[in-house]
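Single-structure report; data block below.
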Amino acid sequence: MSLTSAATLATLDRTGPRRITDLAAVEGVTQPAMTTLVRVIEESGLVERRGDASDKRVTLVCLTETGASYVRTRRQAGVHAFERLIGELTGDEVEALVAALPALKHLAELESQDREGPKQ
């Protein structure tokens, strides 16, 4: 799976159903590219398109249960990889990581704000 596909699934997991145009902007790709990507991951059963109850002209891309499970599995694999790697660090290196956690958390918050785009 491409990084953009994985990032799109993670965005849908984090923010809920989105329009293709919104997803394209958040992921930094063109709308035609996002349309193609959504078609591919839709064929894989990871997302589905649904109408928007508030505007019948709008179609939203939503994670399926299979897609949500895929995102959870990828995240858990990442956690396990970091656990294993952190286990190989010295005590001083672990302490340095712990000291850096507030800054890393702030970076993650900033990145999340950038990816979500302007508030609607």
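The values are calculated or read from the model by the stated rules, or taken from the named source; none is laboratory data. Keep in mind that this is a model prediction, so the values were computed, not measured. No Cβ is skipped: glycine too gets one built from the backbone with ideal geometry, and neighbour counts run over all protein chains shown. Just the protein is used for accessible areas: all its heavy atoms, side chains included, with ligands, DNA and RNA removed. Shrake-Rupley method; radii C 1.70, N 1.55, O 1.52, S 1.80 Å.
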Has the stretch 45-58 got at least one residue that is of a type in the set (Val, Ile, Thr), open to solvent by 30 Å² or more (accessible area, probe 1.4 Å) and free of Cβ contacts under 8 Å to residues at least 60 places away in the same chain? no
Out of all the residues in the stretch 46-80, which are part of a helix (DSSP H, G or I) and in contact with a Gly (Cβ under 6 Å, 6 or more places away or on another chain)? 66
Of all residues in the stretch 26-44, how many are under 18 Å from residue 62 (Cβ atoms) and surrounded by 17 or more Cβ atoms within 10 Å (Cβ to Cβ)? 6
Count of the stretch 45-75 residues which are of a type in the set (Gly, Ala, Ser) and in contact with a helix residue (DSSP H, G or I) (Cβ under 8 Å, 6 or more places away or on another chain): 3
Among (1) in contact with a Ser or Thr (Cβ under 7 Å, 6 or more places away or on another chain); (2) of a type in the set (A, V, I, L, M); (3) over 21 Å from residue 1 (Cβ atoms), there is one condition residue 89 misses while meeting the rest; what is its number? (1)
In the stretch 10-24, what count of residues is obtained for those that are surrounded by 15 or more Cβ atoms within 10 Å (Cβ to Cβ), touching a residue at least 40 places away in the same chain (Cβ under 8 Å) and either touching a Pro at 6+ places or on another chain (Cβ under 8 Å) or under 19 Å from residue 52 (Cα atoms) (or both)? 9
Would you point out which residue out of 48, 27, 109, 116 is at pLDDT below 95 and more than 17 Å from residue 4 (Cβ to Cβ)? 109
